[in-house]
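Student: The following block contains the structure, expressed as structure tokens.
Derivation of every value follows stated rules applied to the coordinates shown; laboratory data play no part. Quick caveat: nothing in here was measured; it's all calculated off a predicted structure. Note that we place each Cβ from the backbone using ideal geometry, even for glycine, and neighbour counts take in every protein chain shown.
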DNA sequence: TCACGCATGTAAGAGGTTACATGATTAG
DNA sequence: CTAATCATGTAACCTCTTACATGCGTGA
């Protein structure tokens with residue numbers, strides 16, 4: 001069948017309900033899709049391809065106040081392919097973090113600019129953290145009785161947990177690095193003042 | 001100048017020493033490059049391009065026991081470009097995790113297969129964690145006096161820390177999920193045994 | 001009236017993977 | 001003799017981003 005990762009990502013979403021390409025594009029951009037993203041220009045052709053493969057069926061929905069839309073739903077074939085894929089072994093993950101890459105070169109940087117960058121990044125990740133934490137706490141409150149592993153909410157729970165933990169780690173990390181640059185700048189300032197006196 | 005992310009990744013490595021394309025390819029695959037990866041087929045043309053742009057200079061090194069190699073070193077132009085880039089603001093990061101994507105669809109899975117997947121992933125990330133932790137502890141031991149922000153070891157330290165924290169999070173997460181599937185399977189087994197008696 | 005949200009698409013190009021291609025030396 | 005390591009490259013292909021393209025309805 002040859003289904004791409006994006007294809008599986010779309011099946012993952014469509015296993016939970018019927019959506020249009022537009023809906024899916026929204027879910028696969030900020031903020032929900034923190035573990036997989038795609039633009040509409042990639043999604044629309046992929047949906048068309050998957051419909052041809054019989055993984056999805058499409059239904060045109062006419063709307064009076066808005067443009068018509070194409071509602072996609074997963075077929076039994078699609079669901080079976082997803083079920084197959086979901087527990088298949090994963091190869092070594094391809095990590096790519098521009099921030100960690102910059103961190104590896106940070107010893108070259110102007111300290112004031114470096115401080116600015118990490119303060120900025122701390123704020124960014126703190127905002128993400130707050131957002132995921134809010135959703136996570138809400139989910140926890142609504143399902144205090146405990147979740148079954150075959151409940152979609154269980155999947156929501158673990159996914160959000162990962163997001164929370166991920167962002168929490170970044171916030172602490174950025175904060176500590178920013179502190180080091182602050183200390184460095186203060187020490188330099190004190191030294192400069194001392195030199196002036198002499 | 002128009003330098004790609006890969007270009008900056010290469011400059012980041014070449015700021016620390018002279019390397020051949022082969023050396024760089026090794027550093028940008030497992031295990032060192034956990035925050036940026038590239039294959040040799042992408043690296044060789046990129047190096048050639050960067051040399052033309054005057055960011056690098058190349059030097060042919062003849063070796064008797066092995067094939068000759070091309071040693072690249074960063075130029076002042078290259079170092080300046082790197083210094084510029086390293087504190088430039090970063091756009092929203094593109095996160096892509098196949099495992100978290102699968103986690104979001106895990107409610108569809110066969111519980112036994114899901115258990116296998118997460119046990120497998122726990123082992124994988126535990127191995128990565130052990131490796132990063134070892135390097136991190138060694139670095140800590142060698143630099144007990146504290147590090148200056150302009151020391152490359154400071155960059156090593158924070159990069160490894162991020163890796164350790166990242167992997168630690170995955171290990172705990174996989175472990176907890178595997179436990180949930182184990183409990184689910186045990187409960188099912190008990191129910192099946194009870195049903196048999198009746 | 002102007003921007004924004006809804007809604008769907010195409011095209012060009014950059015970025016990245018897999019496979020093809022060659023060839024020497026060394027360790028098992 | 002066979003596999004692995006060192007060493008450099010190219011070609012085909014897939015994935016992903018950016019930009020182009022259209023058009024309606026609503027609220028400021």
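Student: Need the C-alpha centroid separation for the stretch B:130-144 versus the stretch B:1-35, integer Å.
Tutor: Measuring centre to centre over Cα atoms gives 22 Å.
Student: Given an 8 Å cut-off on Cα distances and at least 6 residues of separation, report the relative contact order of chain A as a percent.
Tutor: 18
Student: Moving on. What is the stretch A:1-62 by shape, rounded, prolate or oblate, if you read a ≥ b ≥ c off the alpha carbon gyration tensor as root eigenvalues and call it rounded for a/c under 1.5, prolate for a/b larger than b/c, and oblate otherwise? Numbers along the way, then the final one.
Tutor: Working: a/c = 1.66, a/b = 1.22, b/c = 1.36.
Since a/c reaches 1.5 but b/c is at least a/b, the shape of the stretch A:1-62 is classed as oblate.
Student: Still on this model: So how do A:66, B:148, A:83 line up by other beta-carbon neighbours within 10 Å, fewest first?
Tutor: Fewest-to-most Cβ neighbours within 10 Å comes out as A:66, B:148, A:83.
Student: Separate question: Using only the Cα atoms of the stretch B:88-187, build the gyration tensor, take square roots of its eigenvalues as a ≥ b ≥ c, and label the shape rounded, prolate or oblate: rounded if a/c is under 1.5, else prolate if a/b is larger than b/c, else oblate. Kindly include the intermediate steps, with their values, before the conclusion.
Tutor: Numbers: a/c = 4.31, a/b = 1.97, b/c = 2.18.
The shape class here is oblate.
Student: First measure r as the distance between the Cβ atoms of residue A:69 and residue A:5, then evaluate 1/(1 + (r/R0)^6) with R0 = 25 Å and state the FRET efficiency to the nearest 0.05. All intermediate terms of the calculation are to be shown ahead of the outcome.
Tutor: Working: r = 25 Å, r/R0 = 1.00.
Step by step, r from the Cβ atoms, then E = 0.50.
Student: Helix-only mean residue ellipticity at 222 nm, the protein assembly as shown, DSSP H runs n ≥ 4 weighted -39,500 (n - 2.57), per residue, nearest 500. What is it?
Tutor: Working: 14 runs with 252 residues, N = 396.
So the helix-based figure for the protein assembly as shown works out to -21500 deg cm²/dmol.
Student: Ok, one more. Give the angle, between 0 and 90 degrees and rounded to the nearest 10, that separates the Cα long axis of helix B:111-142 from the longest principal axis of the Cα atoms of chain B.
Tutor: Result, in degrees: 40.
Student: Another one. Measure off 7 Å from each Cα along the Cα-to-Cβ vector at residue B:172 and residue A:84, then give the distance between these two points in nanometres to one decimal.
Tutor: Placing both labels 7 Å beyond Cα along the Cβ direction yields 3.7 nm.
Student: Which residue of chain B is nearest the rotation axis onto chain A, counting by its Cβ, and what is the distance in whole Å?
Tutor: Taking Cβ atoms only, the nearest residue and its distance are B:169, 3.
Student: Here is a further query. In peptide B:147-153, how many Cβ atoms from other protein chains are near each Cβ within 10 Å, on average?
Tutor: Numbers: counts 2, 4, 13, 7, 1, 5, 1.
Counting Cβ atoms of other protein chains within 10 Å of each residue's Cβ and averaging gives 5.
Student: Answer rounded, prolate or oblate for the stretch A:1-135, using the Cα gyration tensor with square roots of eigenvalues a ≥ b ≥ c: rounded when a/c is under 1.5, else prolate when a/b is larger than b/c, else oblate.
Tutor: Working: a/c = 2.83, a/b = 1.85, b/c = 1.53.
Cα axes put the stretch A:1-135 in the prolate bin.
Student: Additional query: Averaged over its residues, how many other protein chain Cβ atoms are within 10 Å of peptide A:109-121's Cβ atoms? If you can, show how the numbers build up before the last one.
Tutor: Details: counts 9, 4, 3, 1, 5, 4, 2, 2, 5, 2, 0, 3, 3.
Taking all residues of A:109-121 together, the mean is 3.
Student: Within 10 Å of each Cβ of A:154-162, how many other protein chain Cβ atoms are there on average? Before the final figure, lay out each step's value.
Tutor: On the way: counts 6, 8, 3, 3, 11, 7, 1, 6, 10.
Partner Cβ neighbours, averaged per residue: 6.
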